[in-house]
Amino acid sequence: MIRDLAPAKPWQRHLLIRLARIDQKIQVLRMTIALDRGVAEQSAAAIQLHASLASTVAELVKGRTDVTTKAAMRFALGLGKRVREALVVSAPTDV
């Protein structure tokens, strides 16, 4: 999405900045998995990625962003949620 977004309008420039930050968080998550970091570190990275996606989508809904971009970001948010759910370990329950 970063490659296809022309920074002609203010919302596009702002979105590019947000997407670059999201891309960094994806890289961090990839590295925590590739380097077999602890579950806590992987969970934290997944939570941070999802939070960045959620805040970006929430911001886009209020702005002048086109429908296609909004849909793409909602799709990315859904994927981020699935990643978070897969990697975040819930607290153990006493039985």
* To do: Please report, in debye to the nearest 20, how large the charge dipole of the stretch 1-88 is about its Cα centre when each Lys and Arg carries +1 at its beta carbon and each Asp and Glu carries -1 there.
  => 300 debye
* Asked: What is the mean projected area of the alpha carbon convex hull for the stretch 6-95, to one decimal in square nanometres?
  -> 7.0 nm²
* May I ask you to sort LEU79, LEU29 by Cβ crowding, counting other Cβ atoms within 10 Å and putting the fewest first? => LEU79, LEU29
* Structure fact -> Summing -39500 (n - 2.57) over every DSSP H run of at least 4 residues in the chain and dividing by its residue count gives a helix-only mean residue ellipticity at 222 nm, to the nearest 500 deg cm²/dmol, of -26000 deg cm²/dmol
* May I ask you to sort VAL67, VAL39, VAL28 by Cβ crowding, counting other Cβ atoms within 10 Å and putting the fewest first? => VAL67, VAL39, VAL28
* Could you tell me how many degrees, from 0 to 90 and to the nearest 10, lie between the Cα long axis of helix 39-62 and the main elongation axis, the longest principal axis, of the Cα atoms of the chain? => 30 degrees
* To do: Return one number: the angle in degrees, 0 to 90 and rounded to the nearest 10, between the long axis of the Cα atoms of helix 10-34 and the longest principal axis of the Cα atoms of the chain.
  => 20 degrees
* **Partner lysines for LYS9 [C-alpha distance under 21 Å; skip if fewer than 8 residues away on the same chain]** => LYS62, LYS70
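Each reported figure results from applying straightforward, stated rules to the coordinates on display, with no laboratory input. Note that the coordinates shown come from a computational prediction; the quantities given were computed from them, not determined experimentally. Every residue, glycine among them, receives a Cβ derived from its backbone with ideal geometry; neighbour counts consider all protein chains shown.
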